[in-house]
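J.: I have a structure I would like to understand better, so I am pasting it below and will then ask my questions one at a time.
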Amino acid sequence: MGVLLQGFFFGPGRVSGVPSPLDGDNTIPFWWDHLAAQAHALAKAGFTAIWLPPPLKGASGSSSSGYDVFDDYDLGAKNQKGTIPTRYGTRELLQRCAGMMRANGIDVYVDLVENQRDGDDGKFNFKYLSAIGGVGSGRFGKGPGDFHPHVPEDPGVFSDQFQFGRDLAPINGVPKDHCGNGLLDAADWLTRALDLQGYRLDNVKGVSTVFVQRLLTHGAMANKFSVAEFADGNIQLIENWANAVQHRSTAFDFPLHFALKNMCNSPDGFDMSSLDHAGLAGVDPQGAVTFVENHDTDRGGVGGPIVRNKILAYAYILTSEGYPCVFYRDYSKDQDCFGLKDSIDPLIKVHEQLALGPTQQRWKDGGVFAFERMGGGHLLVALNKDANSSRAITVQTGFPPNMQLHEYTGHGGTVTTQGNSQVSLVIPKSINGEGFVCYGRPARLNNFSPTVRVTTQEFEGAADLDIKTAVENERVQVSRLFVDSDTQLHVRISFDGSQWTALTSILLEISTPQGGNLITKKLVQTDSNGSSIQVRTTSKGFYTIFVTSTNTPAGNKAPVFKVAASYTAPQVL
């Protein structure tokens, strides 16, 4: 199924998100660059997807973690709320990060905040800058009718107990469909701009399930992966939500998280037998994204963090059913992180190459839980919570008789099944949570080799967005793309050719990283529905796309346009 990395954290004492040069230290890279620099290493470690934080400009500007979304069309390109870049960087750096993740075969998910907006004028009015800086002329401005309590609560809202901003009303907002269609169009634009493969849906308790269904079947979002934050320990409530959205989205397994937190923080009082088919993954493994920690729990929210023995919890989620998510702060060796990479990496290999099929419980008591994954060549896992003593157990297995089994984490020696396929093994003391073993048929687990993928990112030149239209006689920069050397760059442009004369044209140019001209194409009215340039790159770096219009008619002086660029980013910076 793959392994997901939550690609951000909030450091100790920091409520505004990751480290950023916007705090005053220019030696700190923007987060988008920090992740891009790690893309190849993450792929080689076995991560198959990354969850990025909310990428839109927040109401608190440079200190925004992204959850106080202000403008649905500002990825760090407009001078709003006191900053052009978001805390994480500019739109250009975000595009580069996403492209490099794809070049390493990693799917890119972003955090979608569909419950609230922040940063209004105090009267529920939201006005945004245009591409040329016009105040109030940016796309998808909002008014009181787009929010509760000015209109009735939307149908299918599970709870509005926690308000994190102005409460959006995509179903009951007035004028009808202004809010709902505006949110759908914005998410579609975001998906195409970054070439996304999925989403994390923030605080779905407060979002209409009717709207969630529309969102995940609309435009570019259709058939994409989704995982929802339904922060609750009640499995039945999460299942009720999943049923309400017709299982279009998976959900984070908070019930399992709470169990794992108790196991790690308070092992003396925890019954290991309760891990048998625990949590949402125990009843709906295909609908569960399992996790040990996230940015909220880590800083004290939703019940607080796991403070000891954390690797034991990772041993469970990376060998059991469900789609596991690793928290950046737990994994990374960055400053203020916990540096569990060396212990987690072998478990990722086990997950991806051995942990297959349904689960069969093989041993359970108050101190030990053992289970076997029955798919593929089988995998036998045993976990011991006791830090003071090891445990010796004999269990039935699905392995053939008299088969030698290898332990894949370095926590145990080779064992051999008996004539009845039972096996005796020793689980080590759980010192710092290291009380686990993973046994399988002897094999060399393969190193991960990143699969290069092309990315296609789209750019729109429109007065109410963040890229200018094709202003007459002005060389308008569309985008800079970070492209690998000696690869194919394919650019397709369409534009509004209405009222054009035989003298009207658009010049499409692509320049090299060194500033020279790579290719130029003159476009006329008959090209308006779509024209393409395909060229091979000469070196690694930023290639810049420009458009210049000439002799545009009075009724269409600055034509709108769309550009789709397909390219392969470098695997390393």
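J.: Restricting to region 398-417, name every residue that is touching a strand residue (DSSP E or B) at 6+ places or on another chain (Cβ under 8 Å), in a loop (DSSP other than H, G, I, E, B) and either within 20 Å of Leu318 (Cβ to Cβ) or open to solvent by 10 Å² or more (accessible area, probe 1.4 Å) (or both). Can you show your working first?
T.: Kept after step one, since they are touching a strand residue (DSSP E or B) at 6+ places or on another chain (Cβ under 8 Å), are these residues of region 398-417: 398-399, 402-409, 411-417.
Checking which are in a loop (DSSP other than H, G, I, E, B) leaves us with 398-399, 402-403, 408-409, 411-414, 417.
If the condition is that a residue be touching a strand residue (DSSP E or B) at 6+ places or on another chain (Cβ under 8 Å), in a loop (DSSP other than H, G, I, E, B) and either within 20 Å of Leu318 (Cβ to Cβ) or open to solvent by 10 Å² or more (accessible area, probe 1.4 Å) (or both), then Gly398, Asn402, Met403, Tyr408, Thr409, His411, Gly412, Gly413, Thr414 are the ones that fit.
J.: If a residue counts only when it is in contact with an Asp or Glu (Cβ under 9 Å, 6 or more places away or on another chain), which helices (runs of 4 or more DSSP H) contained entirely in region 25-136 have at least 3 such residues? Write out each step before concluding.
T.: On the way: elements: 31-36, 39-45, 91-103.
Helices (runs of 4 or more DSSP H) meeting the threshold: 91-103.
J.: Pull up region 363-375, narrow it to residues that are in contact with a Gly (Cβ under 9 Å, 6 or more places away or on another chain) and without any contact (Cβ under 8 Å) to a residue 40 or more places away in the chain, then point me to the one that is most open to solvent (accessible area, probe 1.4 Å).
T.: Met374
J.: Shifting gears a bit: Give the number of residues within region 456-486 that are open to solvent by 20 Å² or more (accessible area, probe 1.4 Å), assigned to a loop (DSSP other than H, G, I, E, B) and of a type in the set (S, T, N, Q).
T.: Matching residues across region 456-486 total 2.
J.: Is it the case that some residue within region 488-504 is under 22 Å from Gln95 (Cβ atoms) and part of a loop (DSSP other than H, G, I, E, B)? Please lay out each step first, then the result.
T.: Kept after step one, since they are under 22 Å from Gln95 (Cβ atoms), are these residues of region 488-504: 488-495.
Still in the running and part of a loop (DSSP other than H, G, I, E, B): none.
Looking through region 488-504, none of the residues is under 22 Å from Gln95 (Cβ atoms) and part of a loop (DSSP other than H, G, I, E, B).
J.: Right, Thr451: under 30 Å from Ala49 (Cβ atoms) and either modelled with pLDDT under 95 or outside any loop (DSSP other than H, G, I, E, B) (or both) or not? Break it down stepwise before answering.
T.: Values: under 30 Å from Ala49 (Cβ atoms): yes; either modelled with pLDDT under 95 or outside any loop (DSSP other than H, G, I, E, B) (or both): no.
Answer is no for this residue.
J.: Those residues that are among the basic types (Lys, Arg) and over 36 Å from the mean Cα position of the chain (by Cα), I need them from region 502-550; list them, please.
T.: Filtering region 502-550 down to residues among the basic types (Lys, Arg) leaves 521-522, 536, 540.
Those that are among the basic types (Lys, Arg) and over 36 Å from the mean Cα position of the chain (by Cα): Lys521, Lys522.
J.: Shifting gears a bit: Inspect all residues belonging to region 12-21 and state whether any of them is within 15 Å of the chain's Cα centre (by Cα), surrounded by 19 or more Cβ atoms within 10 Å (Cβ to Cβ) and outside any helix (DSSP H, G or I). Step through it out loud before you land on a result.
T.: First, pick out the residues of region 12-21 that are within 15 Å of the chain's Cα centre (by Cα): none.
The answer is no, given that none of the residues of region 12-21 is within 15 Å of the chain's Cα centre (by Cα), surrounded by 19 or more Cβ atoms within 10 Å (Cβ to Cβ) and outside any helix (DSSP H, G or I).
J.: Residues being closer than 22 Å to Leu184 by Cα and β-branched (Val, Ile, Thr): count how many of those fall in region 47-85. Reasoning before the result, please.
T.: At the first step, the residues of region 47-85 found to be closer than 22 Å to Leu184 by Cα are 51-59, 66-78.
Going one step further and asking which of them are β-branched (Val, Ile, Thr), we end up with 69.
Result for region 47-85: 1.
Residues checked against (1) of a type in the set (Asp, Glu); (2) modelled with pLDDT under 95; (3) under 27 Å from Val326 (Cβ atoms):
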residue: Trp31; (1), (2), (3): no, no, yes
residue: Pro53; (1), (2), (3): no, no, yes
residue: Gly58; (1), (2), (3): no, no, yes
residue: Gly76; (1), (2), (3): no, no, yes
residue: Ile84; (1), (2), (3): no, no, no
residue: Glu92; (1), (2), (3): yes, no, no
residue: Gly105; (1), (2), (3): no, no, yes
residue: Val108; (1), (2), (3): no, no, yes
residue: Tyr128; (1), (2), (3): no, no, no
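The values are calculated or read from the model by the stated rules, or taken from the named source; none is laboratory data. No experiment lies behind these values; they were computed from the predicted model shown. Note: ideal-geometry Cβ built from the backbone for every residue, glycine included; neighbour counts use all protein chains shown. Surface accessibility is based on the protein's heavy atoms, side chains included, excluding ligands, DNA and RNA. Shrake-Rupley method; radii C 1.70, N 1.55, O 1.52, S 1.80 Å.
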